[in-house]
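> Here you go, one structure.
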Amino acid sequence: MSQVLELLVSGLSLGCIYALIAMGFVIVFKATNVVNFAHVSVLMLGAYLVGVWHESLGFVGAVLVAAVVCAIVAALLDVIFVRVLRRRGGGVDALAILTIGLNILLGTELARRIGTDLLPTGAPWGSDVAHVLGIAVPQTRIAAATVAIVLMAGFWAAFTYSDWGVALRSAAADREIAALMGIRLTRVAAGAWALAGALAAIGGVFFTSFPAAGVNNATNLVALTAIPAAVVGGLDSTAGAVVGGLLIGVATTFAAGYQDELAFLGRGLSEVVPYVVLLIVLLWRPSGLFGTREITRV
């Protein structure tokens, strides 16, 4: 029972990181109806910048600067590439494929710069653990869960009560009507991409901190497991991003914790489990757990 509780707490803390990353997918999708696969490489960029700058700027300073840089980079991806293709008549399928290409290009360049190095993020908690009710939990995961909860609560408040949140919800509901009501869709889209980029940077820092070894040339491949978290919950649901992230985090942690008992299924089961959960959920509910079902009249 103690092992189950330890894995559950560890899985929930990892799930908070997944939820933070998945929130970036949801924000962009709600504002622009684009599945932004480049979000994964922006995450890697944020973690890489913190790994390079934490010694000169300090951990907190490096995280803040990396979040700003990633916000600018993400907004530029929207302005330079996505917006241009949309104006030329590109549909949602073409836009999604475009973001896949951007993800490959940016991820390849970052992998080339990192090479065979392993960049620590310089998190001040290091490999320290805290004991909660007799359960050992890495302090980095506790900090990640705390930051994720605060940021997600802040986003919910802004999404619910601010003018930007109203504009974002209007654009998500009906872009044409929102434009007729005077909402600047381009400004809403750029803001959504920038916010998603900042969230990716922060999530990437905790994603590559202890118990992870650091940032390496395969970080973007590992971070792809955040995509099932967003899709499982529903790409147009912020609550779904949270639930999907927690579900994937718990499933991944339990698969890794019971790897020896499940050895007959092969090694690396924890890397496959997110996609198994994704397939099961999509076969049952194609729009995700909290996603909006499309109604087609025949």
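The values are calculated or read from the model by the stated rules, or taken from the named source; none is laboratory data. Note that the structure is a prediction, hence the values are computed from the model and not measured. Please note: Cβ atoms are built from the backbone with ideal geometry, for glycine as well, and neighbour counts cover all protein chains shown. Side chains are part of the model used for accessible areas, which takes the heavy atoms of the whole protein and leaves out ligands, DNA and RNA. Shrake-Rupley method; radii C 1.70, N 1.55, O 1.52, S 1.80 Å.
> At 7 Å along the Cα-to-beta-carbon direction for both residue 159 and residue 8, put a label point, then send me their distance in nm to one decimal.
Modelled inter-label distance: 2.7 nm.
> Using 18 Å as the cut-off for backbone N distance, which residues of region 47-83 belong to the label zone defined by a point 7 Å from the Cα of residue 100 along Cα→Cβ?
It comes to 82, nothing else.
> Using the beta-carbon distance between residue 282 and residue 222 and R0 = 22 Å, what value does 1/(1 + (r/R0)^6) give for FRET efficiency, to the nearest 0.05?
0.50
> Whenever you get a sec, compute what percent of the accessible area on the chain sits on carbon and sulfur atoms (1.4 Å probe).
67 percent
> Helix 238-257 sits at what angle to the longest principal axis of the chain, using alpha carbons and giving 0 to 90 degrees rounded to 10?
30 degrees
> Anyone know which of 100, 248, 202 comes out most mobile in the 10 Å Cα GNM of the chain?
Fluctuation is largest for 100.
> Could you state the accessible area per residue of the chain in Å², with a 1.4 Å probe and every protein chain left in place?
With the other protein chains kept in place, the chain gives 49 Å² per residue.
> Now for a separate question. At 222 nm, what helix-only mean residue ellipticity would the chain give, in deg cm²/dmol to the nearest 500, using -39500 (n - 2.57) for each DSSP H run of four or more?
After summing the helix terms and dividing by residue count, I get -23500 deg cm²/dmol.
> Could you work out how far helix 139-161 tilts from the main Cα principal axis of the chain, as a 0 to 90 degree angle to the nearest 10?
The helix 139-161 is inclined about 20 degrees to the chain.
> Working out 0.36 nm times the residue gap between residue 131 and residue 149, then minus their Cα-Cα distance, what length gain in nm do you get to one decimal?
4.4 nm
> Using 1/(1 + (r/R0)^6) with R0 = 22 angstrom and r between the beta carbons of residue 187 and residue 93, what's the FRET efficiency to the nearest 0.05?
Plugging the Cβ-Cβ distance into 1/(1 + (r/R0)^6) gives 0.30.
> What translational diffusion coefficient, in µm²/s and rounded to a whole number, does the Stokes-Einstein relation yield for the chain at 25 °C and a viscosity of 0.890 mPa s, taking the hydrodynamic radius as the Kirkwood radius over Cα pairs?
Estimated diffusion coefficient is 126 µm²/s.
> Let me ask something else. Which distance in Å, rounded to a whole number, links the C-alpha centroids of region 240-295 and region 92-168?
Result: 19 Å between the Cα centres.
> Which length gain, in nm to one decimal place, applies between residue 56 and residue 259 when the Cα-Cα distance is subtracted from 0.36 nm times their residue separation?
Length gained between residue 56 and residue 259: 69.1 nm.
> So for region 169-298, Kirkwood radius off the Cα pairs, Stokes-Einstein at 4 °C and 1.567 mPa s: how many µm² s⁻¹?
This corresponds to a translational diffusion coefficient of 76 µm²/s.
> In whole angstrom, how long is each semi-axis of the equivalent ellipsoid of region 63-212, when you take the square root of 5 times every eigenvalue of its Cα gyration tensor and sort them from largest down?
Semi-axis lengths for region 63-212 are 34, 23, 11 Å.
> Tell me the trypsin sites (Lys or Arg not before Pro) within region 46-117 that lie in a loop according to DSSP and have at most 11 other beta-carbon atoms within 10 Å.
88
> Using a 1.4 angstrom probe on the protein heavy atoms only, line up 64, 168 by accessible area, largest first.
Putting 64, 168 in descending order of accessible area: 64, 168.
> Quick one: angle between helix 163-173 and the longest Cα principal axis of the chain, in degrees between 0 and 90, rounded to 10, please.
It is inclined by approximately 80 degrees.
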